[in-house]
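Peer 1: This structure is in structure tokens; I'll ask about it shortly.
The values are calculated or read from the model by the stated rules, or taken from the named source; none is laboratory data. Small disclaimer: the values here were computed from a predicted structure and weren't measured. Backbone-built Cβ (ideal geometry, glycine too); neighbour counts: all protein chains shown. Calculation scope for accessible area: heavy atoms of the full protein, side chains included, ligands and nucleic acids excluded. Shrake-Rupley method; radii C 1.70, N 1.55, O 1.52, S 1.80 Å.
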Amino acid sequence: MRTRTLVAVLAVALLLTGCSAGGTRDDARITLRFQSLAWQQESVEANKELVEEWNATHPDVRVEYVQGSWDSVHDQLLTSFEGGEAPDIIHDASDDLADFAYGGYLADLSELLPERLKSDIPPRSWQTVTFADGIYGVPFLQEPRVLIANATWLKQSGVRVPTPQHPWSWDEFRQVTKRLSGDGKYGVAWPLKEPVSATLNLSLSAGGRLFHRGADGKVTVRFEEGDEVVPRTVHEQANTDRSASPTTLGSGGSDTLPGFFAGKYAMVPLGFSYRQQIVQQAPKGFDWQVLPAPAGAGGLTQGVSPQTLSVAEDCPYKKEAAAFLDFLLQPENMVRLALGDWMLPTGRQALADPALRTAEHGWATGTALADRLRPAPAQTVRGYPEWKDKVATPALQEYYSGAIGLDELRERLEEDGNLVLARYQR
């Protein structure tokens with residue numbers, strides 16, 4: 001009897017802890033594993049400090065900080081979900097959540113989050129983590145794409161410097177980059193190693209949407225007039241005007257910075273958070289400024305995929321995990337996380353903090369764009385990761401390099417893309 005009882009007790013313990021790395025210790029204290037993707041030193045420090053502050057004031061619910069990586073997060077999470085070893089609290093991006101949410105790997109937070117947090121974050125941000133009728137993450141950090149410009153070069157050229165109130169149009173942007181080019185220098189360097197999100201998100205400014213959901217809920221790809229503006233601009237700059245460096249099209253954002261500092265490019269379109277690298281790496285006396293991305297029929301609207309915090313469905317302590325999220329995303333803590341990552345918070349109270357509205361390092365330009373940020377076009381599209389990797393990325397890379405024309409780009413995005421998406425919508 002004692003043996004059978006012991007086996008039963010062990011079985012119950014395994015059920016409680018085996019489906020997640022979180023669990024209870026011998027002293028009955030709950031332990032939750034929080035996998036963070038913070039990578040910049042300031043951001044890592046801010047996250048670790050907040051975890052320590054939580055642990056100091058919540059002795060019965062300890063949070064264990066686990067360092068993850070953006071480079072491998074999707075595959076790593078999929079493997080851990082299927083193996084029953086997922087972290088309890090998951091840091092990711094909203095455009096990576098759809099398959100996990102529909103697959104039953106993430107907890108629905110609708111009834112777990114406090115009203116304070118729900119009302120502080122705008123509905124447009126909640127749309128990025130809402131699938132069917134459930135909320136599968138908390139969107140907490142976001143960044144617009146901006147133009148990082150050589151301020152001295154722009155001033156000497158005499159071109160009109162855009163502001164959020166009076167941005168360049170896409171056509172004016174193209175003309176400006178032509179004017180700034182020559183003698184082996186380029187008006188712009190597009191870092192498009194990962195071309196899909198940049199293209200789709202900026203295309204909202206021109207009225208593009210690419211993904212169209214029918215009355216039956218199924219999504220189809222249609223590459224229409226508004227979707228053409230951004231890719232055509234980049235293509236013409238690189239292949240016709242010679243105003244965009246052809247060598248950076250296959251580069252990441254960080255790869256363009258040495259050439260930018262050396263005076264090879266007047267501007268680089270980058271995510272807002274790259275400002276930290278510029279502050280750290282720019283040579284002494286280098287004068288730079290943050291400009292809004294160009295505007296089209298949709299104005300300054302652009303898509304974003306906010307960073308998110310989710311709870312694993314297998315986590316046995318969902319209420320405690322949600323309480324940690326509430327603590328982590330208190331307005332003052334959200335400001336700390338935003339400053340650490342050099343991004344914008346989604347919360348209204350945090351966004352109003354004076355520390356995020358200074359002219360220094362372009363913070364004010366970024367916050368002026370916050371109201372124009374909308375869910376990225378692919379947010380709720382099942383099969384998007386496969387469509388992006390197998391169809392859109394190679395097609396856009398070939399188009400930007402001049403290997404294929406606009407008609408073939410359209411054909412591949414639509415025909416090949418719809419074949420991929422159809423497998424997820426049966």
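Peer 1: Taking only Cα atoms of the range 214-272, what ratio of Rg to Rh do you get with Rh as the Kirkwood inverse-distance radius?
Peer 2: On the way: Rg = 16.2 Å, Rh = 14.0 Å.
Radius of gyration over Kirkwood radius for the range 214-272 works out to 1.16.
Peer 1: Cα-Cα over 21 Å: which of Lys178/Lys264; Lys118/Lys318; Lys218/Lys388; Lys264/Lys284; Lys218/Lys318; Lys155/Lys178?
Peer 2: Values: Lys178/Lys264 14 Å; Lys118/Lys318 17 Å; Lys218/Lys388 18 Å; Lys264/Lys284 17 Å; Lys218/Lys318 32 Å; Lys155/Lys178 16 Å.
Among Lys178/Lys264; Lys118/Lys318; Lys218/Lys388; Lys264/Lys284; Lys218/Lys318; Lys155/Lys178, the Cα-Cα distance tops 21 Å for Lys218/Lys318.
Peer 1: Quote the charge dipole size of the chain about the Cα centre in Debye, to the nearest 20; the model charges only the Cβ of Lys and Arg (+1) and of Asp and Glu (-1). Provide the component values of the computation, followed by the final result.
Peer 2: On the way: 41 positive and 55 negative charges, 152 e Å.
That gives the chain a dipole magnitude of about 720 debye.
Peer 1: Helix 331-341 against the longest principal axis of the chain: what's the angle in degrees, Cα atoms only, rounded to the nearest 10?
Peer 2: In the chain, helix 331-341 runs at an angle near 50 degrees to the longest axis.
Peer 1: Run through the range 49-158 and list the GluC sites (Glu not before Pro) located in a DSSP loop whose Cβ has at most 16 other Cβ atoms within 10 Å.
Peer 2: Answer in residue order: Glu85, Glu111.
Peer 1: Sorted from largest down, what three extents in whole angstroms do the Cα atoms of the range 79-234 have along their principal axes?
Peer 2: If we take the Cα atoms of the range 79-234, the spans are 58, 34, 33 Å.
Peer 1: Could you work out what % of the accessible surface of the chain is carbon and sulfur, using a 1.4 angstrom probe and leaving DNA, RNA and ligands out of the count?
Peer 2: The computed percentage sits at 50.
Peer 1: With a 1.4 Å probe and all protein chains left in place, how much accessible area per residue does the range 26-168 have, in Å²? Intermediate results must be reported in sequence, preceding the final value.
Peer 2: Details: 6300 Å² over 143 residues.
Per residue, the range 26-168 has 44 Å² of solvent-accessible surface.
Peer 1: Quick check: with the 1.4 Å probe, what order do His235, His91, His361 take by accessible area, largest first?
Peer 2: Details: His235 30, His91 5, His361 60 Å².
Final ranking, largest accessible area leading: His361, His235, His91.
Peer 1: Does the range 279-426 come out rounded, prolate or oblate by the C-alpha gyration tensor, with a ≥ b ≥ c the root eigenvalues, rounded set by a/c under 1.5 and, if not, prolate when a/b is larger than b/c and oblate if not? Don't skip to the answer; put the middle values down first.
Peer 2: Details: a/c = 2.40, a/b = 1.24, b/c = 1.93.
Oblate shape, in that a/c is at least 1.5 and b/c is the bigger or equal ratio.
Peer 1: Can you give me the convex hull volume of the Cα atoms of the chain, divided per residue and expressed in Å³?
Peer 2: Normalising the Cα hull of the chain by residue number yields 151 Å³.
Peer 1: Right, next: Between the DSSP loop rule and a limit of at most 13 other Cβ atoms within 10 Å, which GluC sites (Glu not before Pro) in the range 318-364 are left? Please list the in-between numbers first.
Peer 2: Values: sites: Glu320, Glu332, Glu360; in loops: none.
Passing sites in the range 318-364 do not exist.
Peer 1: Continuing with this model, one more query. What's the center-to-center distance, using Cα atoms, between the range 34-84 and the range 361-413 in Å?
Peer 2: Each part reduced to its Cα centre gives a spacing of 28 Å.
Peer 1: Rounding to the nearest 10 and keeping the result within 0 to 90°, find how far the Cα-based axis of helix 318-328 lies from the longest principal axis of the chain.
Peer 2: Taking the Cα atoms of the chain, the angle to 318-328 is about 40 degrees.
Peer 1: Could you provide, to the nearest whole Å², the per residue accessible area of the range 216-287 with probe 1.4 Å?
Peer 2: Accessible surface, normalised per residue, equals 41 Å².
Peer 1: Scan the range 73-174 for trypsin sites (Lys or Arg not before Pro) in coil per DSSP, keeping those whose Cβ has at most 16 other Cβ atoms within 10 Å, and list them by number.
Peer 2: On the way: sites: Arg116, Lys118, Arg124, Arg145, Lys155, Arg160, Arg174; in loops: Arg160.
Those that pass, being in a loop and sparsely packed, are Arg160.
Peer 1: Using only Cα atoms and rounding to the nearest 10 degrees, what angle (0 to 90) does helix 73-82 make with the longest principal axis of the chain?
Peer 2: Orientation of helix 73-82: about 30 degrees from the principal axis.
Peer 1: In whole Å, how far is the Cα centre of the range 121-169 from that of the range 297-359?
Peer 2: Using only Cα atoms, the two centres lie 15 Å from each other.
Peer 1: Restricting to the chain, what percent of DSSP beta bridges are antiparallel, rounded to 5? Don't jump to the answer; show the numbers that get you there.
Peer 2: On the way: 30 of 46 bridges.
Taking every DSSP beta bridge with both residues in the chain, the antiparallel ones total about 65 percent.
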